[in-house]
Amino acid sequence: MEVSSTIAEFRRTREKLVGSVGFVPTMGYLHEGHLSLVRQARRENDRIVVSIFVNPAQFGPQEDFAQYPRDTKQDLNLLEKEGADVVFMPLVKDMYPTHFSTWVDVEGVAARLEGAVRPGHFRGVATVVAKLFNIVKPYRAYFGQKDAQQAVVIRRMVSDLNMDLKVLVAPTVRELNGLAMSSRNIYLSSTERQSATILWRSLCLAKQLWERGEQDAEHLRVEMTKLIQKERLAHIDYISIAEPETLEELAKIEGSALVSLAVRIGKTRLIDNILLEES
Ligand code: AMP
């Protein structure tokens, strides 16, 4: 496995990669969620590239960029075991040199949900992913359903800017208790970790009600809110029931719907979602 920590070095390595390249962009502190993407990429491509880059541009000034968990040694061990071919870990000053001034702004879908609460977040995400695509030149790129809106934003960008690659979205990997795996779960105490299962429990409740024929989005939202409010440590940022592609809020669920939510457990903000779709 090769590790490149500059763009120039990576480009030299990239030249030598033959066949289809599958790419998994990450911010590191890898867990089974990330590794499931790496495994899918491994199955579907000749070579795989994983990037580890904690992207300052997608963190707000009050957010956790400095505290974001990092463990490069452990990440490299895990990626070696999964058979990654190249790990790209650029430095911030290489990705955002002085005078950097070009940004990718996806309108519409990026302004809702997370975008409304975290201004500038998706501008940072879209910009870094566009840069990484230009550097890595993958045939396929892999993203997690865990960050459902991010996947929608990236698909929109790839389509709008005619980027020549395929975007694949893999299912959310969860702990046995339903908690979606996330690097940020490390911030949770053991009591908070238990409380954090409320996200998944409330999503399951929404699914159950919908399966029993409930189509009124407001009713689902009310029932989810009631359940979450029973959890003392949980504070709701938003609950959204939206059309999965446009992310426009739905009043009535007629086709499929993306139910997503952001909840603060103590000081930690968690997101999760479930797709309601007729089989
Ligand atoms: P991150 O390192 O948090 O930026 O995540 C890198 C990629 O892994 C993103 O495409 C995430 O959506 C995906 N990912 C993170 N957590 C999970 C999970 N629990 N299951 C599946 N994919 C995930």
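Just a few scattered comments:
- A dipole drawn for region 183-276 from +1 and -1 charges on Cβ atoms has a positive end, and of Val259, Leu220, Leu199 the residue lying farthest that way is Leu199.
- Nearest 10 degrees, 0 to 90: helix 72-82 Cα axis against the chain principal axis: 90 degrees
- For the chain, the share of accessible area belonging to carbon and sulfur comes to 49 percent (1.4 Å probe, ligands and nucleic acids excluded).
- Farthest toward positive dipole pole in the chain [+1 Lys/Arg, -1 Asp/Glu at C-beta], among Gln67, Val109, Tyr142: Gln67
- Accessible area of the chain divided out per residue, in Å², using a probe of 1.4 angstrom: 49 Å²
- Distance violations [Cα-Cα > 26 Å] among Lys81/Lys137; Lys146/Lys267; Lys81/Lys146; Lys207/Lys267; Lys93/Lys166: Lys207/Lys267; Lys93/Lys166
- When the chymotrypsin sites (Phe, Trp or Tyr not before Pro) in region 90-151 are filtered for DSSP coil states and for at most 15 other beta-carbon atoms within 10 Å of their beta-carbon, the remaining sites are Phe100, Trp103.
- Residue of Pro97, Pro138, Pro25 that the Gaussian network model of the chain assigns the largest fluctuation, springs spanning Cα pairs under 10 Å: Pro97
- Extreme residue, positive dipole direction of region 2-170, given options Val49, Gly124, Leu79 (C-beta unit charges): Val49
- Value of Rg/Rh across region 2-170 [Cα atoms, Kirkwood radius]: 0.93
- Region 160-279: C-alpha gyration tensor shape, a/c 1.5 cut-off, then a/b vs b/c: oblate
- When the trypsin sites (Lys or Arg not before Pro) in region 215-251 are filtered for DSSP coil states and for at most 15 other beta-carbon atoms within 10 Å of their beta-carbon, the remaining sites are Lys230, Arg232.
- Helix-only [θ]222 nm of the chain, DSSP H runs n ≥ 4, -39500 (n - 2.57) each, per residue, nearest 500: -11000 deg cm²/dmol
- The length gained by stretching the chain between Lys252 and Glu15 to full extension, at 0.36 nm per residue less their Cα-Cα distance, is 80.2 nm.
- Averaging the sequence gap over all C-alpha pairs within less than 8 Å and six or more residues apart, then dividing by the number of residues, gives the chain a relative contact order of 17 percent.
The values are calculated or read from the model by the stated rules, or taken from the named source; none is laboratory data. Owing to the predicted nature of the structure, the values given are computational and were not obtained by experimental measurement. A quick note on method: Cβ atoms are made from the backbone with ideal geometry, for glycine too, and the neighbour counts reach across all protein chains shown. Side chains included, ligands, DNA and RNA excluded: accessible areas come from the protein's heavy atoms. Shrake-Rupley method; radii C 1.70, N 1.55, O 1.52, S 1.80 Å.
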